Every structure is written in structure tokens, then in C-alpha cells.
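Shown next, in C-alpha cells, is the structure this report addresses.
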Amino acid sequence: MEVSRTPEVFSSSTSAHDLKTRRPLIPLQIVPPDHRKYRKLLDPLFAPQRMGVLEGSTVQLVNDLIDGFVDEKEIDFSQRFSTPFPSQVFLRMFGLPMDDLPRFLRMKDGAIRPDQVVGHEFGHPETEAYQQQTADLIYAYFEEVVAARAGREERADFLSHFLHAEVDGDRLTHEEILDICFLFLITRLTKLTESLYRIFNYLAASPDARRKIVDDPDAVRAMVEEMLGWKTPVMGCARVATRDAEIDGFAVSEGEQVMALLGAANIDEVEFPKGSELVWDRHTNRHLAFGGGIHRCLGSHLARLELRVALREWHRRIPDYRIKPGVQLNFTAGIRTLDSFPMLLGSEA
């Protein structure tokens, strides 16, 4: 919490996150006081009241996806649900065509995990080149989209909001809109998918927990919070020290990178009694799955809504499922992702 709440000491600037971008991403890599004016613009888009309006369409989207495989015996959960679900929500909110989904997924992977795509570690020339190429493609995509929408009648989507919104009396510049869109792409298409992987990995082997959701759908809200903490999708957030500092007696030098381990914090038994165990009726749950401080995840309320709807609707229609026998799910480090999630649907009988 100290790292996340002292951005003047531990910064999330471009020195902390190298995604081969042309400018700092808004608002993640913007420092105070400018950070506040961008959050003032963006926070209302994700207010709890606004998210509530989206529940009906989110329920419909989840059920449309389930309709496509509910009668099948075996699916790849990644390809059929956990990847397309949040991605389609993103495209709909930005007013972008669903046909662009494969393109978006390629850009997301190239920006976040180029090492997995190329097959070489970070720092390898091929990995660095591929990540740079992907960043350029993301800018080019949004350059084209923003140019096509500029001057058009305002629509009820995020992109139109950015084109017509004002910050302290000034319109967002063309570059600022690109920098916001870039950040939304790599965060919205990543974090929820990883949460679904982690949660369904646990539930696939836990019939009692699945039955709890089926018998008491209202319990989903507390279960989502518990599993977000226990199965944190993004295990850490990088910061860079702007000056010599100290954390719990440990010296940090100016310019050194600091990794705040959110996953470890979320099972810290000083803060969470029985932190390494699932406690469905935990009264206070100050988990850090969405980070903390001024850079706390913008889309936390939307992510909660999506997870609640996904769990409730899935278990209403598919109460029994399991990971395909003999399969070992190998999550990547950092952002906990998978290439494949083979799942068998229905009871074992």
C-alpha cells in the first residue's frame, strides 16, 4: 500500500513499464497533478451506477457465448469463453466492429507477452522488435479509427466520449485519445481473461463451491471478491523510485525498479486471517487485485460485474465441468495467462 500510495516516490512512468509506446499511456503513466484531470474525465465512465446499466447486455452476451457450446462435451474454455467474453465487451463499449476481434487479440498478445509469441525472452532482439511492431500497429489502428470518427455525430460509446469530452475546458488532443485507447486495449483484454482462468481453474476441481453458486446465486458477489484476492490475476505492479527511499527498512536507490507483489499481499495473514484459504463469508476484504492508490484500476467495477454475471449465468446453465484429465495448466509468470484450457462439460457419469 505504501508503494501504491506514494506515486511521487514510486512512479508508474514509462521507466517502470516499457511497452514501446510513443508517449506515456493515459492515465497509468501520468504523474500528479496532470493525472487527476484525466481521472476526472475517465472515472465517471466506470462509476458503479453506469456499470449497473450494462448488466442486461452483459447477461445476453454471456448467454450468447454459452449457446454456442452448451451441448458440446469438450471445449477449449480459453477460445470459447474466457477470451472472447471480455474482448467483445470492450469492442461494444468502444463502438468497434466485432470482426476486429482477432486483430485485437493479436495486438494484445504482442504488446503484453511478446516473449510467448516469439519464443524468446524479454530483451532478446526478436522479442523487442516484435513488441515495437505491435505497438506501432496499435497506434495505426486507432489513428485510422479516430480519423474516421472525427467530426461525426456523437454516439453512445467510449470513443465518441473521448472525441467530444473536455478536460479543464480543453478538448482531448488526438494524441491523448490514442494514448488512452492504447492503455484500454492492453488492460481490458487482459485482466478479466486472467481472472476467469484462475477462478474457473479452481471451480473445475471444486464441486462444493460450484454447488454453492448453483444453490445460492446471491453468494456470487462475496465469492468474486474472495477469489480475486486468493487468485490474483496480475501478481505484481512495477514502479520506479524517483529518489532514494526506504521500504520497511530496506533501502531503494533512485532509478531502481520496485515490484509490488499484489498476489503475496492478498494472502498476507496479518491482514487476512486464513489468507491462504478461501473464506466465503469474509466480512472485510481489502484485497489489492485492482491495485491501490491513484492508479487503482479504472475498470474495477466493470470487472466485478462481468465476473459476477459470468459465474452466475455459467453455473445456471453448466453446473458440472472439469479440466480434461491429464492436462496440466501452465500459467505464465506476471500476468497469469494460458494458451489453452481444455475443459469437459457435464457430469462424469
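Taking amide H as placed 1.01 Å from N in the peptide plane, V258 has its amide H under 5 Å from the amide H of R239, V240, A241, each at least 5 places away in sequence or on another chain.
Relative intensity of the range 26-127 on a log10 scale, I(q)/I(0) at q = 0.17 Å⁻¹, equals -1.04, per a Debye sum over C-alpha point scatterers of equal strength in the absence of solvent. Model label sites at E348 and E246, defined 7 Å from Cα along the beta-carbon direction, differ in position by 5.6 nm. Enumerate the residues in the range 1-33 having an amide nitrogen under 20 Å from the point lying 7 Å beyond the Cα of S253 toward its Cβ. Backbone N within reach: 9-11, 15-17. From the P(r) of the range 122-258, could you give the percentage of C-alpha pairs in the tail past 20 Å? The share of Cα pairs beyond 20 Å in the range 122-258 comes to 70 percent.
Quick one: with all protein chains in place, what share of the accessible area of the chain is carbon or sulfur, to the nearest percent (1.4 Å probe)?
With neighbouring chains kept in place, the figure for the chain is 49 percent.
A 1.4 Å probe run over the protein chains yields, for the range 1-135, 48 Å² of accessible area per residue, whole-number rounding.
Would you rank S82, S253 by solvent-accessible area, highest first, keeping every protein chain in place and using a 1.4 Å probe?
Details: S82 0, S253 60 Å².
If we order S82, S253 from most to least accessible, we get S253, S82.
Counting only DSSP H runs of at least 4 residues, each contributing -39500 (n - 2.57), and dividing by the residue count of the chain, the helix-based mean residue ellipticity at 222 nm comes to -14000 deg cm²/dmol.
Volume per residue for the range 50-209 equals 164 cubic angstrom (convex hull of Cα atoms). Take the Cα radius of gyration of the chain and divide it by 2.2 N^0.38 Å, N being the number of residues; the result is 1.01.
The values are calculated or read from the model by the stated rules, or taken from the named source; none is laboratory data. Model, not experiment: these values are computed from the prediction. Positions of Cβ are generated from backbone atoms using ideal geometry, with glycine treated the same way; all protein chains shown enter the neighbour counts. Remember, those area values only see protein heavy atoms, side chains included, never the ligands or the DNA or RNA. Shrake-Rupley method; radii C 1.70, N 1.55, O 1.52, S 1.80 Å.
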